[in-house]
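Here is the structure we will look at, set down as structure tokens.
The values are calculated or read from the model by the stated rules, or taken from the named source; none is laboratory data. Not measured: the values here are computed from a predicted model. Every residue, glycine among them, receives a Cβ derived from its backbone with ideal geometry; neighbour counts consider all protein chains shown.
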Amino acid sequence: MASNIDSKIPTTPDLMKGVHLIGHGGLDQLVYRTDIPTPKPKEGEVLIKVLAAGVNNTDINTRIGWYSKQVTGDTNSGADEGFDELDASTATWSGSALQFPMIQGADVCGQVVAVGAGVSSSRIGQRVLVRTMQQDPSTNKPFDCITFGSEYNGGFAQYTCALSVEAYVVNTSWNDIALASIPCAYSTAENMLHRAGLKAGEQVLITGASGGVGSAAVQLAKRRGAYVIAVAGSAKHEDIRALGADKLVARGADLVAAIGIDAIDLVVDLVAGPDFPQLLEVLCRGGRYATSGAIAGPMVELDIRTLYLKDLTFVGCTYQEQVVFDNLINYIEADEIRPVVAQTYPLEQIHQAQTDFLSKRFTGKLVLVPEA
């Protein structure tokens with residue numbers, strides 16, 4: 001897969017094309033524009049020409065304000081129209097109101113075209129991936145973090161700025177679209193496995209296994225030598241088997257009947273919703289449950305006796321140590337994982353891309369490509 005990187009650095013225009021999020025709500029809040037001022041890198045930053053940008057659940061969740069605890073439904077419930085009477089100050093994962101208009105896009109593969117003060121000009125021309133979940137530079141405290149494309153403008157534009165330390169050079173023959181499918185989904189999946197301490201020989205159950213994070217988790221768990229049981233719609237089973245899953249279970253199936261009680265060492269859950277109690281039943285005594293999503297709904301039924309009588313450990317996974325993204329770059333450069341891209345779209349078709357994303361009729365990732 002060849003790179004699309006420019007052999008010569010182009011002149012940066014004063015205005016660029018991009019997508020403004022103008023408020024929380026439906027798809028109409030995403031406005032494609034051709035007159036957005038091109039950003040200029042500040043001290044410690046690089047200016048990146050965006051070559052490709054992936055589509056993620058977090059982009060949609062942020063747009064519709066799903067992170068607010070006023071919202072109790074699944075992630076599709078307000079995806080087209082948004083939610084009525086939403087308190088914007090509670091509508092982000094960080095708990096701080098967004099500043100509109102803003103540019104979303106948590107996944108970026110791009111080329112450094114300019115640098116700010118304090119950054120070596122040798123960075124110009126490098127092809128980079130931007131770390132999605134970043135340490136908050138204002139505190140440097142563990143668990144204080146910001147998301148690229150949320151607290152900072154992201155990749156749904158021709159150009160974006162990022163802290164130089166968060167723009168990772170990657171040496172690979174993968175093309176830009178393939179690389180753009182990695183940062184958010186794969187770092188989320190790797191973080192769950194890292195935080196939960198998945199070991200070779202353990203049995204792991206992965207829900208939502210056909211999505212971006214789920215399909216990444218299947219590959220990354222197999223890379224660690226685990227036995228992988230994946231839950232997904234039956235039509236996608238062969239796709240997921242090709243990624244390394246050892247056993248497939250149909251979405252909506254009786255997990256206890258399909259897997260057995262006390263059979264699983266680790267559950268990697270991206271779904272939650274009404275099937276949550278079954279996940280704890282299939283966990284072994286001393287088992288671990290890790291989550292970074294709730295696409296079927298955040299409100300679940302928990303029998304606290306199951307938690308303490310089985311000595312279970314629950315791990316919520318948002319904050320990422322730097323080693324997580326370091327690992328991903330190493331895996332890419334060693335060809336130990338492979339991208340799963342279902343479809344690409346020009347940036348101006350972002351409404352269609354998010355509509356298709358919400359349909360869940362594909363395996364892997366959808367990627368947007370800005371115009372040259």
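Kindly indicate which of Ala167, Ala200 is in the same structural domain as Gly287 (by TED's automatic domain parsing), more than 26 Å from Ile64 (Cα to Cα) and in contact (Cβ under 8 Å) with a residue 12 or more places away in the chain. It would help to see each step written out before you state the result.
Values: Ala167 fails: in the same structural domain as Gly287 (by TED's automatic domain parsing).
Matching residue, one of Ala167, Ala200: Ala200.
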Exercise for review: Tell me, please, whether a residue that is surrounded by fewer than 21 Cβ atoms within 10 Å (Cβ to Cβ) and of a type outside the set (Ser, Thr, Tyr) can be found in segment 176-192.
Suggested key: no
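Which of the residues spanning segment 231-290 are of a type in the set (Val, Ile, Thr) and out of contact with any Phe, Trp or Tyr (no Cβ under 7 Å at 6 or more places or on another chain)? Show your work before the answer.
Quick first cut of segment 231-290, residues of a type in the set (Val, Ile, Thr) only: 231, 240, 249, 256, 259, 261, 264, 267-268, 271, 282.
Of everything in segment 231-290, those that are of a type in the set (Val, Ile, Thr) and out of contact with any Phe, Trp or Tyr (no Cβ under 7 Å at 6 or more places or on another chain) turn out to be Val231, Ile240, Val249, Val256, Ile259, Ile261, Ile264, Val268, Val271, Val282.
Going by the conditions given, is Asp254 surrounded by fewer than 18 Cβ atoms within 10 Å (Cβ to Cβ), within 30 Å of His24 (Cβ to Cβ) and not basic (Lys, Arg)? Before the answer, list the steps.
Details: surrounded by fewer than 18 Cβ atoms within 10 Å (Cβ to Cβ): yes; within 30 Å of His24 (Cβ to Cβ): no; not basic (Lys, Arg): yes.
When the stated conditions are applied, Asp254 does not pass them.
Can we say Val165 is at pLDDT 95 or above, in a helix (DSSP H, G or I), in contact with a Gly (Cβ under 9 Å, 6 or more places away or on another chain) and on the phi < 0 side of the Ramachandran plot?
Numbers: at pLDDT 95 or above: yes; in a helix (DSSP H, G or I): yes; in contact with a Gly (Cβ under 9 Å, 6 or more places away or on another chain): yes; on the phi < 0 side of the Ramachandran plot: yes.
For Val165, the condition - at pLDDT 95 or above, in a helix (DSSP H, G or I), in contact with a Gly (Cβ under 9 Å, 6 or more places away or on another chain) and on the phi < 0 side of the Ramachandran plot - is met.
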Practice item. Please tell me if Gly260 is at pLDDT 95 or above and at positive phi. Key: yes
Practice item. Being at pLDDT 75 or above and in a loop (DSSP other than H, G, I, E, B) is the filter here, so list the residues in segment 74-106 that pass it. Key: Asp74, Ser96, Ala97, Leu98, Gln99, Phe100, Pro101, Ile103, Gln104, Gly105, Ala106
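Give me the residue from segment 14-27 that is in contact (Cβ under 8 Å) with a residue 40 or more places away in the chain and not small (Gly, Ala, Ser) and, out of that set, surrounded by the most Cβ atoms within 10 Å (Cβ to Cβ).
Here the answer is Val19.
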Review point. Which members of segment 296-328 meet the condition of being of a type in the set (A, V, I, L, M, F, W, C), over 30 Å from Pro137 (Cα atoms) and touching a helix residue (DSSP H, G or I) at 6+ places or on another chain (Cβ under 8 Å)?
Key: Ala296, Val300, Leu302, Leu307, Leu312
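Show me the helices (runs of 4 or more DSSP H) entirely contained within segment 276-372 in which 2 or more residues are in the same structural domain as Asp265 (by TED's automatic domain parsing). Break it down into steps so the answer makes sense when it comes.
Numbers: elements: 276-282, 304-309, 322-333, 350-359.
Fully inside segment 276-372 and qualifying: 276-282, 304-309.
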**Study point:** Unique residue being surrounded by fewer than 22 Cβ atoms within 10 Å (Cβ to Cβ), under 22 Å from Ala342 (Cα atoms) and not aliphatic (A, V, I, L, M) when the list is Gly225, Gly244
**Key:** Gly244
Practice item. Return the residue satisfying two criteria in turn: it lies in segment 1-44 and is of a type in the set (A, V, I, L, M), modelled with pLDDT of 95 or more and more than 24 Å from the chain's Cα centre (by Cα), and of such residues it is farthest from Asn61 (Cα to Cα). Key: Leu15
Practice item. Identify the single condition in (1) assigned by TED's automatic domain parsing to the domain that holds Glu301; (2) of a type outside the set (A, V, I, L, M, F, W, C); (3) modelled with pLDDT of 95 or more that Asp176 does not satisfy, given that it satisfies every other one. Key: (1)
